[in-house]
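Chemist: For reference, the structure I am asking about is given below.
The values are calculated or read from the model by the stated rules, or taken from the named source; none is laboratory data. On a predicted model such as this, the values are computed, not experimentally measured, just so you know. When we count neighbours, we look across all protein chains shown, and the Cβ atoms used for this are built from the backbone with ideal geometry, even at glycine.
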């Protein structure tokens, strides 16, 4: 489990930015002819138009067409991935903190933001001056969304994450190493700004989020027959379903390199700095020797024993993790026989030839990156043995 878990208390800012940017996408990108854009309920949109008319403005001032976005409050966890344990800090925070890139990381501390997948509904009301604009928009919606219930990614939107005070002012301290310092957030793009919804200065971290949409339904809400005091109205009502990843909690992991323990059942080994961890037991193996004579060729096999000598570690660097070519590094000792070296990674034992090879007379080792998954700060264990029989 992470050392500390902090629930994100200001998720309404993310949803507010999401609604705003989606409305701007409809009004500025999809259909730039919209003259007005409103976020609110249906009643608020109508009131907005009536107030415009009551201001005695010039009749040639364009008001229509207009789009109103009505955010529906029914928001739920998405089916499938949205129900994963690691989405919820009380169920699987330890795993959740390993699935997302860290917000902050140094040799002692790693801070991760974990996202949950939500699904919800948006109602769009579009007001037009004529049936021709209505028809244009209806066809454009069908073309843009590929019909009904076809998932699309219309646009990413910008938002920000408000860091809790406890996270921003976190002070790392380790009584064993003597390390004691406060986190430096300036190099991670964190800034202090006034957040309107809370009317306070908060430390924010900018981010971009990419939602999924599909068009659930469209209906004609027009009133085509006017009267002596009212003109015909042309309205298109659309319902959109979205899925979106939103930040829900922040996990603070201290001493995460020590906690990264990977097990290899065959050799009983672990990646750990703890001295009580036992090295692998001595190994029995078979050696083969070929005998040749003038008229025959034969081989003999005998059992020999390998005695554990020592264990070395290689920590994968960022450049090695990003490399598309095989990586090579020096061995602490010269390995004269490939049988004397056993290599382990988080994937388990690495096989000679398939995953690695010894070069330069056993002074270097080459890891095949197309066969072994390498991650920054991952530890490769090197077990060195010697023959005793």
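Chemist: Return only the number of the condition from (1) more than 16 Å from residue 379 (Cβ to Cβ); (2) assigned to a loop (DSSP other than H, G, I, E, B) that residue 308 does not satisfy.
Modeler: In the conditions (1) more than 16 Å from residue 379 (Cβ to Cβ); (2) assigned to a loop (DSSP other than H, G, I, E, B), residue 308 misses (2) alone.
Chemist: Can you find a residue that is outside any loop (DSSP other than H, G, I, E, B), at pLDDT below 85, under 31 Å from the mean Cα position of the chain (by Cα) and surrounded by fewer than 20 Cβ atoms within 10 Å (Cβ to Cβ) anywhere in the range 349-372? Give the derivation first.
Modeler: Just the residues of the range 349-372 that are outside any loop (DSSP other than H, G, I, E, B), to begin with: 349-350, 352, 356-362, 364-367.
Then keep just the ones that are at pLDDT below 85; that gives 349.
Still in the list and also under 31 Å from the mean Cα position of the chain (by Cα): 349.
Okay, now just the ones that are also surrounded by fewer than 20 Cβ atoms within 10 Å (Cβ to Cβ), so 349.
Scanning the range 349-372, I find at least one residue that is outside any loop (DSSP other than H, G, I, E, B), at pLDDT below 85, under 31 Å from the mean Cα position of the chain (by Cα) and surrounded by fewer than 20 Cβ atoms within 10 Å (Cβ to Cβ), so the answer is yes.
Chemist: Can you name every residue in the range 184-196 that is within 15 Å of residue 111 (Cβ to Cβ) and part of a strand (DSSP E or B)?
Modeler: Answer for the range 184-196, where residues must be within 15 Å of residue 111 (Cβ to Cβ) and part of a strand (DSSP E or B): there is none.
Chemist: Would you check if there is a residue in the range 250-259 being farther than 25 Å from residue 11 by Cα, over 36 Å from the mean Cα position of the chain (by Cα) and either surrounded by 10 or more Cβ atoms within 10 Å (Cβ to Cβ) or at pLDDT 80 or above (or both)?
Modeler: No: the range 250-259 contains no residue that is farther than 25 Å from residue 11 by Cα, over 36 Å from the mean Cα position of the chain (by Cα) and either surrounded by 10 or more Cβ atoms within 10 Å (Cβ to Cβ) or at pLDDT 80 or above (or both).
Chemist: Continuing with this model, one more query. Quickly run through the range 147-182 and pick out the residues that are in contact with a strand residue (DSSP E or B) (Cβ under 7 Å, 6 or more places away or on another chain), exposed (fewer than 15 other Cβ atoms within 10 Å of the Cβ) and touching a residue at least 60 places away in the same chain (Cβ under 8 Å).
Modeler: 148, 149, 150, 151, 152, 153, 158, 166, 179, listed by residue number.
Chemist: Could I ask something else about it? Determine the pairs where a residue that is assigned by TED's automatic domain parsing to the domain that holds residue 377 and surrounded by fewer than 20 Cβ atoms within 10 Å (Cβ to Cβ), located within the range 107-120, has a partner that is at pLDDT below 85 and in a strand (DSSP E or B) with Cβ atoms under 7 Å apart, the partner being 6 or more residues away or on another chain.
Modeler: Sorted first by the residue in the range 107-120, then by its partner, the list stays empty.
Chemist: Check the range 339-358 and report whether any residue there is within 30 Å of residue 110 (Cα to Cα) and in contact with a helix residue (DSSP H, G or I) (Cβ under 9 Å, 6 or more places away or on another chain).
Modeler: no
Results for (1) at pLDDT 80 or above; (2) part of a loop (DSSP other than H, G, I, E, B); (3) not assigned by TED's automatic domain parsing to the domain that holds residue 21, shown as yes or no for each residue.
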{"residue": "198", "(1), (2), (3)": "no, yes, no"}
{"residue": "201", "(1), (2), (3)": "yes, no, no"}
{"residue": "204", "(1), (2), (3)": "yes, no, no"}
{"residue": "267", "(1), (2), (3)": "no, yes, yes"}
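Chemist: Give, as residue ranges, the strands (runs of 3 or more DSSP E) completely inside the range 1-115 that count at least 2 residues that are modelled with pLDDT under 80. Quick ask: steps written out before the conclusion?
Modeler: Working: elements: 4-7, 36-39, 66-71, 102-105.
Here the list reads 4-7.
Chemist: Can you name the residue in the range 313-348 that is assigned to a helix (DSSP H, G or I) and more than 35 Å from the chain's Cα centre (by Cα) and is also surrounded by the most Cβ atoms within 10 Å (Cβ to Cβ) among such residues? Break it down into steps so the answer makes sense when it comes.
Modeler: Of the residues in the range 313-348, the ones assigned to a helix (DSSP H, G or I) are 318-322, 338-340.
Next, only the ones that are more than 35 Å from the chain's Cα centre (by Cα) stay: 338-340.
Details: 338: 13, 339: 15, 340: 17.
Among them, the one singled out is 340.
Chemist: Can you tell me which residue in the range 373-389 is farthest from residue 102 (Cα to Cα), limited to those that are part of a strand (DSSP E or B) and within 34 Å of the chain's Cα centre (by Cα)?
Modeler: 382
Chemist: When the residues of the range 81-104 are narrowed to those that are more than 18 Å from residue 244 (Cα to Cα) and either in contact (Cβ under 8 Å) with a residue 24 or more places away in the chain or touching a strand residue (DSSP E or B) at 6+ places or on another chain (Cβ under 7 Å) (or both), which ends up surrounded by the most Cβ atoms within 10 Å (Cβ to Cβ)?
Modeler: Checked the range 81-104; the qualifying residue surrounded by the most Cβ atoms within 10 Å (Cβ to Cβ) is 97.
Chemist: Can I ask one more? Looking at residue 135 and the list (1) touching a strand residue (DSSP E or B) at 6+ places or on another chain (Cβ under 7 Å); (2) part of a helix (DSSP H, G or I), which single condition is not satisfied?
Modeler: Residue 135 satisfies every listed condition except (1).
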